[in-house]
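Here's the structure, in structure tokens; my notes come after.
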Amino acid sequence: MEESPQPSLQEGAKKAAPGGATKFDLETLRHSAAHLMAQAVQRLYPETKVTIGPVIEDGFYYDFDRKEPFRTEDLEKIEETMREIVKENLTVTRKELPRDEAVKMFRDMGENFKVEIIESIDSTEPLTVYSQGEFTDLCRGPHVDATSRLKAFKLLTTSGAYWRGDERNPMLQRIYGTAWQTPKELKVYLKRLEEAKKRDHRKLGKELDLFSVSDAVGPGLILWHPKGSRIRSIIEDFWKKEHYKNGYDLVYTPHAAKVDLWKTSGHMDFYKDNIFSPMEIEGQDYIMKPMNCPFHIQIFNNGLRSYRDLPIRYGEFGTVYRYERSGVLHGLLRVRGFTQDDAHLFCRPSQIKDEISEVIRFILFILKAFGFSEYKVYLSTRPDKYVGSDEDWETATDALRSALDGSGLEYEVDPGEGVFYGPKIDIKIKDSLNRFWQVSTVQVDFNLPERFKISYIEEDGQKCQPIMLHRALMGSVERFFGCLVEHYGGAFPLWLAPVQAMLMPITDNQNAYAEEIAARLAEADFRIEKDLRNEKIGFKIREAQLQKIPYMIILGEKEAADNKVAVRLRNSKETRVMDLETLVQELKSGESQRDVP
């Protein structure tokens, strides 16, 4: 089942529960549910071949080799058969097999994908298979001891997937499912999924007229509509203002560069599959930039640098282009053209810790401003293949660890998951549906300073190579915006709302008064729209609520006569009457509360 089977004791997956019952951990339950699903599929569709089926966050999936795509009614049949197998209470057994015997067994079964997996595994690793009834699968385990242990599961969706993620390989049929320890936990999760569907940024992006993707332009290339652009502009203005306050210099760089630049940086070697094809201009090959780093290095190199100049901090909203396969594109979350909230810091070795500490503080400040206050933090250390000396890696890792310790953040060490050019910190934010999104990162880089031979003059007059830090607070603007849409369900806080208030005259007789109020609010820098349609006020209110506009300002004959406004919030049925100055002060107060969803 897994691509790297290894022996694992089944006992390690279970523990005593109250009352003497056995309780298995979620990973074991989900691993076992994937096998249960595969067994049910082959009972119903014997010609289907199994490939791999790992546990993923909140569930599992399994890829099948089958000509016909699975339909919704197929999932219902498969799930019903899974419940029948549960009732059969089949014993689950584990067995180690010699490599030759395992290859012969799966070849005789016609499971050629399993044979390919075995042949890709280190020959020194023992192979294990798990069996339940007529079903046997190559797997490292662990699993439950009987199918009756699986009480709470649900099949969710289907999709296509290439074998081992390579588009040159056969297209497989993937089924996603979830499994939990109790039916109550499953019910809570399914309810959360329904809420997530309502908040899907692709759905809300269309309903709120925020962005779109056009076939005429191309997949993975985002068109920002006026309202989405307004929010993006607010985000960028806030970002730029805070960067200037925090000692950054903001730069702009081109969207393309000669291929030789990317050969020097190593991107043509390490990221070749994600780079768009070169285009020839006057006999020179250029590519659309996949990264901003080499451009910032060119700016650093444009002059002699002294130790007195460091640290130097360059920030940019830099748009980059990466070739992502069409099968993985997903709204704003996975695109081909995106804008990075990017910065590169050049510093002396003695400055690394302080710079990292300041980056972490800056990250937390920015995230809190957008309503995020819970995180998962990871410190990723040296991988097997790396550049730079062991001493440099130790210095950089210690600086990252020390900065994290000083921040008060809880974090996990992720051994061997650093990038080849240095260790890093990754921060995932928790949204209103308890989902985590990877956004912020700070990385230490020994590679690019060496490749581009950048230097500064130290206090003793010697040339020295600076340390380079890569840093993103929000990640990509597109992904962060998609996260914001889903976090708030499209009901943005007042300071981010593209339209902060909708003016609604009850009859045409109040249109002139609406124009007067609109002008006064616009002069105070509020984002206002007017609904002057000849429609009933109830209809106008409902339309504004669907557009999730924070304030509805209702203007009737009495309000116009008394020079007042009637105010209703999007999440309230109460209407309050006030003078315009009181409304202005309330709007200003609401705008300042940036960390309140």
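The values are calculated or read from the model by the stated rules, or taken from the named source; none is laboratory data. Bear in mind that the values here come from a model prediction, so they are computed numbers and not experimental data. Don't worry about glycine lacking a Cβ; one is built from the backbone with ideal geometry, like all the others, and counts go over all protein chains shown.
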Go through the range 423-451 and report how many residues are hydroxyl-bearing (Ser, Thr, Tyr) and assigned to a strand (DSSP E or B).
2
Give Glu194, Glu185, Glu134 a once-over and let me know the one that is out of contact with any Asp or Glu (no Cβ under 6 Å at 6 or more places or on another chain), on the phi < 0 side of the Ramachandran plot, in contact (Cβ under 8 Å) with a residue 12 or more places away in the chain and surrounded by fewer than 14 Cβ atoms within 10 Å (Cβ to Cβ).
Glu134
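Could you tell me whether any residue of the range 289-298 is within 23 Å of Phe420 (Cβ to Cβ), surrounded by 18 or more Cβ atoms within 10 Å (Cβ to Cβ) and among the β-branched types (Val, Ile, Thr)? Before you say what the answer is, go through the steps one by one.
Here is the first cut: in the range 289-298, the residues within 23 Å of Phe420 (Cβ to Cβ) are 289-298.
Narrowing the set further to residues that are surrounded by 18 or more Cβ atoms within 10 Å (Cβ to Cβ) leaves 289-297.
When the remaining residues are screened for being among the β-branched types (Val, Ile, Thr), the result is 297.
Looking for residues that are within 23 Å of Phe420 (Cβ to Cβ), surrounded by 18 or more Cβ atoms within 10 Å (Cβ to Cβ) and among the β-branched types (Val, Ile, Thr), one finds at least one in the range 289-298, hence yes.
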Pairing a residue in the range 403-415 that is under 7 Å from Ile360 (Cβ atoms) and in the same structural domain as Ser373 (by TED's automatic domain parsing) with any residue that is of a type in the set (D, E, K, R) and surrounded by 11 or more Cβ atoms within 10 Å (Cβ to Cβ), where Cβ atoms lie under 7 Å and the two sit 6 or more apart in sequence or on different chains, gives Ala403/Lys353
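Among the residues of the range 357-381, how many are outside any strand (DSSP E or B), over 28 Å from Asp309 (Cβ atoms) and among the aliphatic types (A, V, I, L, M)? Let's see the steps before the verdict.
Initial filter on the range 357-381 (outside any strand (DSSP E or B)): 357-374, 381.
Narrowing further to those that are over 28 Å from Asp309 (Cβ atoms): 367-374, 381.
Restricting the remaining residues to those that are among the aliphatic types (A, V, I, L, M) gives 367, 369.
Final tally of qualifying residues: 2.
Okay, residues lined up against (1) under 14 Å from Ile425 (Cβ atoms); (2) surrounded by 19 or more Cβ atoms within 10 Å (Cβ to Cβ):
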{"position": "His330", "(1), (2)": "no, no"}
{"position": "Cys347", "(1), (2)": "no, yes"}
{"position": "Ile360", "(1), (2)": "yes, yes"}
{"position": "Ile363", "(1), (2)": "yes, yes"}
{"position": "Phe370", "(1), (2)": "no, yes"}
{"position": "Val377", "(1), (2)": "yes, no"}
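Would you point out which residue out of Arg322, Arg313 is crowded, with 18+ Cβ neighbours inside 10 Å, at pLDDT below 95, in the same structural domain as Asn447 (by TED's automatic domain parsing) and under 28 Å from the mean Cα position of the chain (by Cα)? Full working, then the answer.
Values: Arg313 fails: at pLDDT below 95.
Checking each option against the conditions leaves just Arg322.
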Test Phe238 against the stated conditions and say whether it is touching a residue at least 12 places away in the same chain (Cβ under 8 Å) and not assigned by TED's automatic domain parsing to the domain that holds Ile356.
no
Hey, could you check the range 469-517 for residues that are closer than 21 Å to Glu535 by Cα and among the β-branched types (Val, Ile, Thr) and say which is surrounded by the most Cβ atoms within 10 Å (Cβ to Cβ)?
Ile517
Hits in the range 425-444 (condition: surrounded by fewer than 23 Cβ atoms within 10 Å (Cβ to Cβ) and over 30 Å from Leu190 (Cα atoms))
Thr441, Gln443
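So which of Asp285, Asp384, Asp354 is among the charged types (D, E, K, R), in a helix (DSSP H, G or I) and either surrounded by fewer than 19 Cβ atoms within 10 Å (Cβ to Cβ) or modelled with pLDDT of 95 or more (or both)? Even if it seems obvious, please write down each step before you answer.
Working: Asp285 fails: in a helix (DSSP H, G or I); Asp384 fails: in a helix (DSSP H, G or I).
Only one candidate passes the filter, namely Asp354.
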Only one of these conditions is not met by Met109: (1) surrounded by fewer than 16 Cβ atoms within 10 Å (Cβ to Cβ); (2) modelled with pLDDT of 95 or more; (3) farther than 19 Å from Thr178 by Cβ. Which number is it?
(2)
Arg308 - would you say it is assigned to a strand (DSSP E or B), of a type in the set (Lys, Arg) and under 27 Å from Gly461 (Cα atoms)?
no
